[in-house]
Amino acid sequence: DTCEPARPQWSPGPASGRRDGCAPALYRHRRNPRGRPACLADRLYPLGPPVGRRHLQFLPGGGMRLSISHDTTYHYEDQVRASIQYLRLTPHDSERQHVLSWQLDLPRPVRAQVDPFGNILHVLTLDEPHDAIIIGARGVVE
């Protein structure tokens, strides 16, 4: 009792909507005229990589140091009596990424927790009426 791959249930030949040997008109833009996968470097530097330009964000060994600044603002037409925000804005320290500094700018202090998927979670609860919430996240990651 051996397993065989399922065989197609259609008859060979041109499919409806196709001309013989041509891709459907809807998908023609996806075809690569060279017959090979597109190379991203060809799109970034069509004339070849820049010569003599040093990328300052790269560290020795190929790493990068990123300075991150993110702001989220919620504006409400009318005042809201209370709100709860689940914030997953803090990156993990890992073998491939080191968090050199990180801070959240929030309207009130919160504690860090870990959610069931291992993400760093902060729960912001505002109990007083408000018409806006401004949340900021800043830091340096290498």
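Each value in this text was obtained by applying a stated rule to the coordinates, not by laboratory testing. None of these values were measured; they are calculated from a predicted model. All Cβ positions, even for glycine, are placed from backbone atoms using ideal geometry, and neighbour counts span all protein chains on display.
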Per-peptide average of other Cβ atoms within 10 Å, ordering 64-71, 109-116, 83-90 highest first: 83-90, 64-71, 109-116
Interatomic Cα distance distribution for the stretch 64-142, bins of 5 angstrom, percent: 3, 13, 23, 22, 17, 11, 6, 3, 1, 0
³J(HN,Hα), Karplus 6.51/-1.76/1.60, whole Hz, each residue of the stretch 95-100, x for Gly, Pro: 5, 9, 9, 10, 8, 7
